[in-house]
Structure formats: structure tokens, C-alpha cells
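Below is one structure; the comments refer to it alone.
Just so you know, all these numbers are worked out from the coordinates, no wet-lab data involved. Worth saying up front: this structure is predicted, and the values here are computed from it rather than measured. Glycine gets a Cβ as well: all are built from the backbone with ideal geometry, and neighbour counts include every protein chain shown.
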Amino acid sequence: MNRLFRLQWKEKEYVLDLGDSSSRLFGPEKKWESLLTHYSWSREEDGSYSLPDGSVALLRSGKLFIHTKGKTFQFAIKGRETSDAQTASLEIKSPMPGKIIKVEVKPGDSVRKGQTLAVVEAMKMEHALKAGADAKVQDVLTQPGDIVSQDQLLIKLGE
């Protein structure tokens, strides 16, 4: 499962795609192409992520800390949900500005946890938005081709 974070360091924003099998850092310097790619991040028992070279990434209190090559970098995390998990899992929001390229559900559909509901394209990447719980689709607020903003509500789920 990939986890997408919008980060701020100094005056610039970056996007970190922190996944189980690969991780990428995107920045404005190269028109949002990947600045850094790692294919061997390992999730540790304490919740941190590590690389064979000894680098460590840790998410804590709205910040991402990356320690690598003897230096520690602190990034402010932007755009993550801070509402309670129950509400967040029933509201499917865009993780970043982008274009809706696929909507796979309609109002009244029953969905299972992990099922793809919609796909957003951003920075030449497709991001599958998945159900956080078994639920019923109450409302679909977007359609393919729509341009959406970060944190825009796309789909409402209910019990």
C-alpha cells in the first residue's frame, strides 16, 4: 500500500510516495519528475522505514524525519487528514491536485475495504483511491475528466 505525503522543506513543496515495495520523492525542480527512487524501504516494528545503507524515515506528529548520510532532514507534512479514522475512511478525498481519470462506483454500490473507487492522475502518476472500510456508496461528487484540488471530497461512503 502506498502512502502519499505532500511535504514542505524550507520554501519548497515536495511529494513523497512511501510504499511497501518502492518509494519516490518528487519535486518542482524537475517538473515533478522523481528526484529520488528507492526500491528497498523496509518497514520496521517501531513504524519507521529503513534502507540497507542505514537511512531511516520516521513519521511523527505531522512531520517526516529522514536521517541519511549523517544528516537529518525534517519535513512538514501538508494535506494529511487529521479527522478521526472513522470519518476519514468514509470520505474519499483527493490526496493532491489532479485529474479524475476513472470512477469505478456509483451511488448505492456496496464496496469492500481496499476496493478501488476512483483513480486520480497527478504529476504523470495514477493514484488509486481505495475504500477504507466495507461500506455503501452514498454519493459520487466527481466524474472522469474533472480537475480536482487537494483534499477535495470525491466520494461519500455510508454504513
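In the calculated pair distance distribution of segment 91-158, what percentage of Cα-Cα distances lie above 20 Å?
Value for segment 91-158: 18 percent of Cα pairs lie more than 20 Å apart.
Take each of the peptides 142-148, 97-103, average the number of other beta-carbon atoms within 10 Å over its residues, and list them starting from the highest.
Going from most to least packed, we get 97-103, 142-148.
Suppose each label sits 7 Å from its Cα in the direction of the beta carbon; what would the Lys113-Leu51 distance come out to in nanometres?
That separation, rounded to one decimal, is 3.3 nm.
Within the set Lys124/Lys156; Lys10/Lys113; Lys69/Lys99; Lys71/Lys93; Lys12/Lys99; Lys63/Lys156, which residue pairs have Cα atoms separated by over 30 Å?
Distance filter (> 30 Å) returns Lys10/Lys113; Lys69/Lys99; Lys71/Lys93.
How much length would be gained if the chain were fully extended between Asp139 and Arg60, taking 0.36 nm per residue of separation minus their Cα-Cα distance, in nm to one decimal?
25.1 nm
If R₀ is 22 angstrom, what is the calculated FRET efficiency for the pair Lys10 and His67, using the beta carbon separation as r and rounding to 0.05?
Given R0 = 22 Å and the Cβ-Cβ separation, E is 0.80.
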